[in-house]
Amino acid sequence: MLIRYKKTFEKIAMGLLSFMPSEKDLKKLQVTMKEYETEENWQLFLWKEEDIIGLLGVIDEHDTNTLVIQHISVNPSHRFQGIGKKMVKALREMHTDKEIISNENTAAFIEKCDVC
Ligand SMILES: CC(C)(COP(=O)(O)OP(=O)(O)OC[C@H]1O[C@@H](n2cnc3c(N)ncnc32)[C@H](O)[C@@H]1OP(=O)(O)O)[C@@H](O)C(=O)NCCC(=O)NCCS
């Protein structure tokens, strides 16, 4: 299930975020984590089964009622089992009133998810 990020999950969240090609640089990764922790409209979710195995990061653009998926990542040992698509579907079900879009870093995968 999709759960909200908490500070106790910082290490696992940073590990998952680092699989994004745009977050390979440690300094960039730290800045991104800080933004998720401090910016009210930056929201980070984790996918928990027995362990935490996925991450989904969005910006909630209140003005346009839009959620922009800017980060999505699944633990390499659990890829190609539908987790990525399940996370996007769970976000859709959590926010039926909002438009969900991707950005340039997530479009290639999100286009395969039937939500945009
Ligand atoms: C992208 C990612 C989250 C997909 O997670 P997943 O749980 O393996 O995905 P699912 O099992 O739900 O879906 C698999 C489908 O996604 C496709 N896919 C996987 N990675 C993809 C990528 N980077 N771009 C486009 N499509 C991708 C697969 O080819 C497969 O397609 P199919 O349904 O036509 O067979 C995962 O590969 C990952 O963490 N990648 C590293 C982080 C990353 O690059 N994120 C941005 C992706 S644009």
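The values are calculated or read from the model by the stated rules, or taken from the named source; none is laboratory data. None of the values given here were measured: they were computed from a predicted structure. Cβ atoms come from the backbone with ideal geometry, glycine included; neighbour counts cover every protein chain shown. SASA here: full protein model, heavy atoms, side chains in, ligands and nucleic acids out. Shrake-Rupley method; radii C 1.70, N 1.55, O 1.52, S 1.80 Å.
Please go through (1) polar (S, T, N, Q); (2) assigned to a loop (DSSP other than H, G, I, E, B); (3) within 13 Å of the ligand (Cβ to nearest atom) for Ser77 and return the number of the only condition it doesn't satisfy.
(2)
If only one of Leu91, Leu55 is within 9 Å of the ligand (Cβ to nearest atom) and buried (at least 19 other Cβ atoms within 10 Å of the Cβ), which one is it?
That would be Leu55, the only listed residue that is within 9 Å of the ligand (Cβ to nearest atom) and buried (at least 19 other Cβ atoms within 10 Å of the Cβ).
Yes or no, residue by residue, for (1) surrounded by 14 or more Cβ atoms within 10 Å (Cβ to Cβ); (2) within 18 Å of Glu111 (Cα to Cα):
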{"site": "Phe45", "(1), (2)": "yes, no"}
{"site": "Asp51", "(1), (2)": "no, no"}
{"site": "Asp63", "(1), (2)": "no, no"}
{"site": "Val74", "(1), (2)": "yes, yes"}
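State yes or no: is Asn105 within 8 Å of the ligand (Cβ to nearest atom), farther than 14 Å from Leu2 by Cβ, open to solvent by less than 90 Å² (accessible area, probe 1.4 Å) and under 15 Å from the mean Cα position of the chain (by Cα)?
Spelling it out, Asn105 is indeed within 8 Å of the ligand (Cβ to nearest atom), farther than 14 Å from Leu2 by Cβ, open to solvent by less than 90 Å² (accessible area, probe 1.4 Å) and under 15 Å from the mean Cα position of the chain (by Cα).
Search the stretch 1-24 for residues being loosely packed, with under 11 Cβ neighbours inside 10 Å and not basic (Lys, Arg), and hand back the single one that is nearest to the ligand (Cβ to nearest atom).
The selected residue is Pro21.
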